[in-house]
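S.K.: Submitted below is the structure of interest, expressed as C-alpha cells.
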C-alpha cells in the first residue's frame, strides 16, 4: 500500500526532512542541519513550525448536534460558547478510550471534531455508528491542511502576517475568519508542546504558501520541526498520546484525565463504566517517575517491584529540557505513592527508578 502525503510534502523535501512512515503517512521525523534535540530546544526557546495536516477533521451539523456531541464526548459540551475549543475523549461503553480529540464549536448546530491521524477511519466509523436523527457527520479531513506554530515567539511571528489582533484569540478558542497574507484561514490557540502557539487550518492548495510565509516572517526565530521533537515536547508537558497513555484498554481515570470526564454531568458513552470504576477504586494508575540508575526508559518496558510485574512504561525518554531520563508508567495502584522505588526492566536488567510527581514541564500557554 502506498503511503499518503500531506499537501506540505514538497516542503519536507525542500527543507531536507528525514522522511519516515508515520501511520501510513510520509512525514519528517527531523530536518537536516537541526536534529531532534535542536528542534526541541528551538520550540522551547523561540518557535517551531509543524505539519499536522495528517490529523483528521469531522464536521458534525444538525439541530441535535449539541446533544449528539455531548453524548459522544466525555467533557461538558453544553458549557461551550461559540468559537471555543474543548478537549475531551470518546469512550467505549467499557470506559476504554476510542480517541482523544478537540471539539471546535461554531454554534450549537455545528461542531468540528479534530481527531488523531492514525484513528481517522476507526473514529469516523464510531461517530457514524452512534449518530442520532437530526445530525450529519462528514469526514472533511481532505478539505484541510493544518500547520502548528509553537513557541514563545509564535505570536510575534504570526502577528506580522495576520489581519487580526492575536491577543483576541484566547487559549482554547479560535477565529474562523482570519487572513494570513491575504489567505483565508481558521486560527486556534491550543497546542501540543507545552508552549504558547497557534494552529492554522487552511485549504490544501494554500498550505505551501502559508508555510513559506510563516518561515519568512519568523526568520531566525523559527524553523521547521519534525515528529521526533513533537513527541518529546508533548511528553515533557505530560500531554497524552493515543496508543500509549490512553487506548481501548486504558480509561481516562487510569490515565489521570478524570478532569476531562464529567461524571457528574450529562450521560455520555462510557460514563456508567467510569462511575463504577471510580466507586470501586482504581486498580492501576499512571505515575511520573525519574531514573535513579543508568538507562533510558522506553514505551512498553516492563515495570517490576521486588521482582514482581506491576505494570509498564507508556512513554519514556531522555528529556532534552531537563537533561535526564524520565517517564510515565501505568502501574498497580499499591505502588503509586511518591518516593516509591520501582525497577524498569531495560534489556533484561532491573534499573532503579522512583515515583516522583511534579517532574514535568510547566506549561507556558497563554492563560487569558
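The values are calculated or read from the model by the stated rules, or taken from the named source; none is laboratory data. Quick caveat, the model's predicted, so the values are computed rather than measured. Heads up, the Cβs are rebuilt from the backbone with ideal geometry, glycines too, and the neighbour counts pull from every protein chain shown.
S.K.: Within segment 131-148, can you find the residues that are surrounded by fewer than 14 Cβ atoms within 10 Å (Cβ to Cβ) and either out of contact with any strand residue (DSSP E or B) (no Cβ under 7 Å at 6 or more places or on another chain) or assigned to a helix (DSSP H, G or I) (or both)?
M.R.: Of everything in segment 131-148, those that are surrounded by fewer than 14 Cβ atoms within 10 Å (Cβ to Cβ) and either out of contact with any strand residue (DSSP E or B) (no Cβ under 7 Å at 6 or more places or on another chain) or assigned to a helix (DSSP H, G or I) (or both) turn out to be 132, 133, 134, 142, 143.
S.K.: Would you check which residues across segment 197-246 are farther than 30 Å from residue 330 by Cβ and within 15 Å of the chain's Cα centre (by Cα) and list them?
M.R.: Listed by number, the list holds a single entry, 198.
S.K.: Among the candidates 194, 219, which residue alone is at pLDDT 95 or above, buried (at least 19 other Cβ atoms within 10 Å of the Cβ) and under 18 Å from residue 45 (Cα atoms)?
M.R.: The unique qualifying residue is 194.
For every residue, the table says whether it meets (1) within 27 Å of residue 131 (Cα to Cα); (2) surrounded by fewer than 20 Cβ atoms within 10 Å (Cβ to Cβ).
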| residue | (1), (2) |
| --- | --- |
| 3 | no, yes |
| 13 | no, yes |
| 24 | no, yes |
| 35 | no, yes |
| 42 | no, no |
| 65 | yes, no |
| 68 | yes, no |
| 73 | yes, no |
| 85 | yes, no |
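S.K.: Which one is surrounded by the fewest Cβ atoms within 10 Å (Cβ to Cβ) among residues in segment 44-63 that are in contact with a helix residue (DSSP H, G or I) (Cβ under 9 Å, 6 or more places away or on another chain) and within 14 Å of residue 103 (Cα to Cα)?
M.R.: Result: 59.
S.K.: Pairs under 7 Å by beta carbon, first residue modelled with pLDDT under 95 in segment 260-277, partner in a loop (DSSP other than H, G, I, E, B), six or more apart or different chains?
M.R.: Short answer, once both residue conditions are applied: 265/76.
S.K.: Tally up the residues in segment 308-346 that are farther than 22 Å from residue 246 by Cα and without any contact (Cβ under 8 Å) to a residue 12 or more places away in the chain, please.
M.R.: Counting residues in segment 308-346 that are farther than 22 Å from residue 246 by Cα and without any contact (Cβ under 8 Å) to a residue 12 or more places away in the chain gives 2.
S.K.: Also: Check segment 107-114 and report whether any residue there is outside the structural domain of residue 43 (by TED's automatic domain parsing), over 21 Å from the mean Cα position of the chain (by Cα), farther than 27 Å from residue 22 by Cα and assigned to a strand (DSSP E or B).
M.R.: yes
S.K.: Going through 97, 85 one at a time, which residue ends up being within 30 Å of residue 11 (Cα to Cα) and out of contact with any helix residue (DSSP H, G or I) (no Cβ under 8 Å at 6 or more places or on another chain)?
M.R.: After applying the criteria, what remains is 85.
S.K.: For segment 87-107, which positions are surrounded by fewer than 20 Cβ atoms within 10 Å (Cβ to Cβ) and farther than 25 Å from residue 145 by Cα?
M.R.: Answer for segment 87-107, where residues must be surrounded by fewer than 20 Cβ atoms within 10 Å (Cβ to Cβ) and farther than 25 Å from residue 145 by Cα: 92, 93, 94, 96.
S.K.: So, one more: Given segment 300-354, what strands (runs of 3 or more DSSP E) lie entirely inside it while holding 3 or more residues that are modelled with pLDDT of 95 or more and surrounded by fewer than 18 Cβ atoms within 10 Å (Cβ to Cβ)?
M.R.: So the answer is 302-305, 308-319.
S.K.: Continuing with the same structure: Would you kindly identify the strands (runs of 3 or more DSSP E) lying entirely within segment 172-267 that contain at least 2 residues that are closer than 17 Å to residue 144 by Cα and not assigned by TED's automatic domain parsing to the domain that holds residue 122?
M.R.: Those strands (runs of 3 or more DSSP E) span 174-180, 183-188, 197-202.
S.K.: Which residues, taken from segment 268-286, are on the phi < 0 side of the Ramachandran plot and in a loop (DSSP other than H, G, I, E, B)?
M.R.: Listed by number, the residues that qualify are 268, 269, 282, 283.
S.K.: Confirm whether residue 99 is within 17 Å of the chain's Cα centre (by Cα) and either at pLDDT below 95 or not in a helix (DSSP H, G or I) (or both).
M.R.: yes
S.K.: Do we find that residue 289 is assigned to a strand (DSSP E or B) and not assigned by TED's automatic domain parsing to the domain that holds residue 78 in this structure?
M.R.: The answer is yes for residue 289.
S.K.: For segment 157-171, enumerate the residues that are part of a helix (DSSP H, G or I) and over 12 Å from residue 214 (Cβ atoms).
M.R.: 166, 167, 168
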